[in-house]
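Read-outs: derived from the displayed coordinates by stated rules, not from any lab. The model shown is predicted, which means the values in this text are computed figures rather than measured ones. With ideal geometry, Cβ positions are generated from the backbone for all residues, glycine too; neighbour counts draw on all protein chains shown.
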Amino acid sequence: MPGQRTYGMDHDIYEWSPIVKRPALTWPNGERVALVVIVNLEHYGWSVSEGTPLAVSPLGGPEGLWTGSQLPPARFPDIGTYGNHEYGNRVGVFRIFDVLGKYGIVPTLALDATVAEHYPYLVAAGKNRGAEFIAHGIGRREIIHVGMSEEQERDYIQTSIAAVEKATGARPAGWLGPDFQETASTPHLLAAEGITYLCDFGNDEQPYKMTPKTGELYSLGVCAPLDDSYTHVHGRRTITELTDSWCGWFDGIYADGATSGCVMVLNLHPWIMGQPWRIGYLDQVLGHIDAHQGVWKATGAQVIDWFKKQA
């Protein structure tokens, strides 16, 4: 996007705000860190229709793209990747639920429309654990893209939100875009539909208010460089490198939280961290965090509701 503003930003989706110039942020009972754990419940379709944009790889370019005259293989059934994601919904997520329960963490479940409509058992399992459900698009291979008209994107967002509301009985307050993809219109369209926070902007360690054309919207950003899929799977960092980074991430913001409260949004995929050989590492990280006083274990909506009162 060409430069449009002179004070730190080239868009008007939110205001520029250096963290050192803000009033100190306090969490309930003076806690230093607000910990939010998002668990992605998403469906990876076997194939996609002609013309559907491919999900963007963090390493650059569309996932699975071939050169030459052949169509990208993602147009055809991708049994391997489908199976990985389905493993998460059939097996891995329950290991993650157990570990989160061990530490008294209520998950924030990012629920895409396909899972909401076709996996009632997962919805019930989340409700039994008191989880918050946020909207997560239509499916892992059906993403928001710049080729959409504003009306097409609005329909996409409405479909996603309606599916979560129908499945859970509550309209979602939050949004996490598949692969963090948005257009310049996305925050405005989300706010117009009543979404009050989104997790796609990983540019801060505190929530902040956004500036949609209508409605009220806040950012609760996922740190993409420490997302398990981006760092461990795509970035090819070992599981020990990833979990050491998670512990170092926490230690850093815990120290800073003595001055002004910070937020740690841990974004998990059950097909990754729910594997039997990885789940112990998640347990170790959460045990490390749990050993510290001053950590508020919250859902996304709880953090944003508290932040709104402070702001």
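Among bridges DSSP assigns within the stretch 27-310, what percent are antiparallel (round to 5)?
Rounded to the nearest five, the antiparallel share is 15 percent.
Non-local amide H neighbours of Glu193 (under 5 Å, H modeled in plane, Pro and chain starts lacking H): which ones?
none
Along Cα→Cβ, 7 Å out, is where each label goes; now give me the distance between the ones at Lys21 and Asn128 in nm to one decimal.
For Lys21 paired with Asn128, the spin-label model returns 5.1 nm.
Just subtract the alpha-carbon distance of Ala255 and Arg90 from 0.36 nm times their residue separation and send over the number in nm, one decimal.
Length difference between fully extended and current span is 55.6 nm.
For Cα pairs less than 8 Å apart in space and 6+ apart in sequence, what is the mean separation divided by the residue count of the stretch 83-186, i.e. the relative contact order in percent?
RCO, the stretch 83-186: 29 percent.
Which ³J(HN,Hα) values in Hz, rounded to whole numbers, follow from the phi angles of the stretch 14-29 under the Karplus curve 6.51 cos²θ - 1.76 cosθ + 1.60, where θ = phi - 60° and Gly and Pro get x?
With the stated coefficients, the stretch 14-29 comes to 7, 8, 6, 8, x, 4, 6, 9, 8, x, 4, 9, 10, 9, x, 6 Hz.
Net charge within 13 Å of Val146 by Cβ-Cβ distance, Lys/Arg positive one each and Asp/Glu negative one each, not counting Val146 itself?
Local charge sum for Val146: -3.
Report the paramagnetic label zone for Asp10: residues of the stretch 141-179 whose backbone N is under 16 Å from a point 7 Å from Cα along the Cα-to-Cβ axis.
none
Once R0 is set to 41 Å, what does the formula 1/(1 + (r/R0)^6) return for the Cβ-Cβ distance between Glu241 and Gln158, expressed as a FRET efficiency to the nearest 0.05?
Given R0 = 41 Å and the Cβ-Cβ separation, E is 0.55.
Would you please put 128-136, 79-87 in order of how densely packed they are, using the mean number of other Cβ atoms within 10 angstrom per residue and starting with the highest?
Averaged packing, sorted descending, gives the order 128-136, 79-87.
Evaluate E = 1/(1 + (r/R0)^6) for Ser149 and Ile79, where r is the Cβ-Cβ distance and R0 equals 41 Å; express this FRET efficiency to the nearest 0.05.
Here the calculated transfer efficiency is 0.80.
Less than 10 Å Cβ to Cβ from Val265, Lys/Arg counted +1 and Asp/Glu -1: what total charge do the surrounding residues give?
Residues near Val265 contribute -2 overall.
Net charge near Thr238: determine it from the other residues with C-beta under 13 Å of the C-beta of Thr238, scoring Lys and Arg +1 and Asp and Glu -1.
Value of the local net charge: 0.
Rounding to the nearest 20 debye, state how big the charge dipole of the chain is about its Cα centre with +1 on each Lys and Arg Cβ and -1 on each Asp and Glu Cβ.
Computed charge dipole of the chain: roughly 580 debye.
Below 8 Å between Cα atoms, with a sequence gap of 6+, how large is the relative contact order for the chain in percent?
The normalised contact order for the chain reaches 27 percent.
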